[in-house]
1. Condition first: over 17 Å from V107 (Cβ atoms) and surrounded by fewer than 15 Cβ atoms within 10 Å (Cβ to Cβ). Now tell me which residues in the stretch 40-51 satisfy that.
2. Looking for whichever is aromatic (F, W, Y) and closer than 22 Å to F29 by Cβ here; the options are Y71, Y62. Which one fits?
3. Within the stretch 48-61, which residues are closer than 23 Å to Y98 by Cα and either without any contact (Cβ under 8 Å) to a residue 24 or more places away in the chain or among the basic types (K, R) (or both)?
4. Does S61 satisfy the criteria of being modelled with pLDDT under 95, surrounded by fewer than 12 Cβ atoms within 10 Å (Cβ to Cβ) and either touching a Gly at 6+ places or on another chain (Cβ under 6 Å) or of a type in the set (G, A, S) (or both)?
5. Looking at the stretch 40-112, what helices (runs of 4 or more DSSP H) fall wholly within it and have at least 3 residues that are within 9 Å of the chain's Cα centre (by Cα)?
6. Can you tell me how many residues in the stretch 66-102 are surrounded by 17 or more Cβ atoms within 10 Å (Cβ to Cβ) and β-branched (V, I, T)?
7. Given the criteria modelled with pLDDT under 95 and outside any helix (DSSP H, G or I), does N21 qualify?
Amino acid sequence: MLRSNSILDVIENALTQDEINALLTMHNFTSEEAIRIQTEFSDLVLKLDQRDVQSLVRSISYDTLLDALTYASDEILTKIYTNLSKRHAQTIREDISYRPPLHINSVLEARRFIIKTY
């Protein structure tokens, strides 16, 4: 499965800027807010140490974690996976890869929840 660097890369390659803005607005997100959430989520995850990553994973629901990691950059996925047991990391990888495509709204909501919670 091909993994994009960010959720915005996925939609930018398929849609025009007007279509992206319409899609985000339809889901109560502006393109600026989507970029802000993406940036804050990346910054948060990448600055966490091993103990904080493990605490984060334990403190949110599994579905929220999967939603937030869908379309995540390789750098973010590596940060999460290297701070979990091999079995737990493999389970998350498999669950993400077998999921049907996710709406951008679900991914952004999960990431926003993590930002606010953590």
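The values are calculated or read from the model by the stated rules, or taken from the named source; none is laboratory data. The structure displayed is predicted, hence computed values, not measured ones. Here the Cβ positions follow ideal geometry from the backbone for every residue, glycine too, while neighbour counts run over all protein chains shown.
1. If the condition is that a residue be over 17 Å from V107 (Cβ atoms) and surrounded by fewer than 15 Cβ atoms within 10 Å (Cβ to Cβ), then L46, K47, D49, Q50, R51 are the ones that fit.
2. Of the residues listed, the single one that is aromatic (F, W, Y) and closer than 22 Å to F29 by Cβ is Y71.
3. Scanning the stretch 48-61 gives R58, S61.
4. no
5. Here the list reads 62-69.
6. Adding up the residues that qualify gives 5.
7. Here the answer is no, as N21 does not meet what is asked.
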